[in-house]
Structure formats: structure tokens, C-alpha cells
1. Would you mind stating whether residue 15 is aromatic (Phe, Trp, Tyr) and assigned to a helix (DSSP H, G or I)?
2. Just to be sure before I move on: is residue 99 in a helix (DSSP H, G or I), closer than 17 Å to residue 147 by Cα and either acidic (Asp, Glu) or open to solvent by 30 Å² or more (accessible area, probe 1.4 Å) (or both) in the structure I sent?
3. For the range 20-58, give me the residue count where each residue is open to solvent by 90 Å² or more (accessible area, probe 1.4 Å) and within 15 Å of residue 128 (Cα to Cα).
4. Check the range 59-68 and report whether any residue there is hydroxyl-bearing (Ser, Thr, Tyr), open to solvent by 80 Å² or more (accessible area, probe 1.4 Å) and assigned to a helix (DSSP H, G or I).
5. Looking at the range 75-94, is at least one residue basic (Lys, Arg) and in a helix (DSSP H, G or I)?
6. Pull up the range 102-114, narrow it to residues that are open to solvent by less than 50 Å² (accessible area, probe 1.4 Å) and assigned to a helix (DSSP H, G or I), then point me to the one that is nearest to residue 125 (Cα to Cα).
7. Please indicate, with yes or no, whether at least one residue in the range 76-91 is surrounded by fewer than 17 Cβ atoms within 10 Å (Cβ to Cβ) and modelled with pLDDT under 85.
8. Go through (1) at pLDDT below 85; (2) assigned to a helix (DSSP H, G or I); (3) within 17 Å of residue 70 (Cβ to Cβ) and name the single condition residue 132 misses.
Amino acid sequence: MESFFIIVNQVAVLFILIGIGFFLRKINMFNHETVKGVTNIVMYAVTPCVIIRSFNREMNTELLHGLLLTFAVATISYIFCILMSYLLVRDKDDSRARIFRFAIIFSNTGFMGIPIYQAVLGDIGVFYGSIYIAMFNVFSWTYGYSMMEGKTKKISLKKAIINPGFLSTIIGVIIF
């Protein structure tokens, strides 16, 4: 029950921050460029630092096994969600079907996930959650990108690995 209240509190904090951002945008204190700048700071600096920090721990076999298990579970869960999206979404409009499938497969594991991982499980939650985020980036920038562009688009592994979430996880694993 304690974890439930921690999650509710964390989500409430996120909604308060969203509300503050909305208010600042309404009174023109934040313009489009400011919002883009803050988003870039969070995406390219804060989130990678939090991920890298979570790996700053002494390596042991239990943590390594947990990391490998998280990698396997994340991979299997994305494959499962891809399969389920094709079973659940039946829309004659192909572009709408692709959007619905993408929404089923890919959640916001980074911006929403990391604060919740940290609040509920501490650094160890971010440690394991980072692997899930890395797999999110691999799947979303390969399969997800290809799916949204249509069947003719070629999958790019470069886009899957050249992003802040994946690169910070790789740096973190090296540090670990």
C-alpha cells in the first residue's frame, strides 16, 4: 500500500509540474523556444545523468543477473505488445491503425518512468529501469519508426543507438 501512495504522490507532482508549465506558457513566460530548450535539457542532460548515476555501484553477480533478466523481460514484453497490437487493432484506415498500434506498444517509460522508478525503488529501480528504457529506444527507433513511416521504410540501427537514453545506458553499463 505504501508503494501505491508513493506512485500517487509522484504522479501528482508530475501533474503539478505540468500545470506550472501550462500556466507559464499561458502567461507567455515560456514561449515555443523556451519549452524546446527545457525539453532538450531534460532529455539530453538530466535524464542521461540520472541513468548514468544509477549504474555507479559495485558490480556483483546478483545485479548482473537482474540486469540480464530485465533485458530479456523488456525484449519479450515488446515482442508480445507488437503481436497483441496486431490482434487488437482492426482499423480499415492504415494510418490510424499504425497510430493505435504504436500507442499500444510504446509507453512513456522515460519522462514518466524514471521519477516513479526513483521514488518507489530508489537508484536500483532506475538501474533496472534504464535497461527497459534502452530497449524502448531500440524498438521505438527501429520497429516503431518503420511502422509509423509505412512498410517501405528501412529500419535504422543507427537511430536506435544514437539517442540519449540508449547511450547513457551503455555508458552506465561500462561504469558498472
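The values are calculated or read from the model by the stated rules, or taken from the named source; none is laboratory data. As the structure is a computational prediction, the values presented were derived from the model and not from experiment. Positions of Cβ are generated from backbone atoms using ideal geometry, with glycine treated the same way; all protein chains shown enter the neighbour counts. In case anyone asks, the SASA skips ligands and DNA or RNA and just uses the protein heavy atoms, side chains included. Shrake-Rupley method; radii C 1.70, N 1.55, O 1.52, S 1.80 Å.
1. Yes.
2. Details: in a helix (DSSP H, G or I): yes; closer than 17 Å to residue 147 by Cα: yes; either acidic (Asp, Glu) or open to solvent by 30 Å² or more (accessible area, probe 1.4 Å) (or both): yes.
Yes.
3. 3
4. Going residue by residue through the range 59-68, those that are hydroxyl-bearing (Ser, Thr, Tyr) are 61.
This time we only want the ones that are open to solvent by 80 Å² or more (accessible area, probe 1.4 Å), so: 61.
When the remaining residues are screened for being assigned to a helix (DSSP H, G or I), the result is 61.
Scanning the range 59-68 turns up at least one residue that is hydroxyl-bearing (Ser, Thr, Tyr), open to solvent by 80 Å² or more (accessible area, probe 1.4 Å) and assigned to a helix (DSSP H, G or I).
5. no
6. Looking at the filtered set, the residue picked out is 114.
7. Scanning the range 76-91 turns up at least one residue that is surrounded by fewer than 17 Cβ atoms within 10 Å (Cβ to Cβ) and modelled with pLDDT under 85.
8. Among (1) at pLDDT below 85; (2) assigned to a helix (DSSP H, G or I); (3) within 17 Å of residue 70 (Cβ to Cβ), the lone unmet condition for residue 132 is (1).
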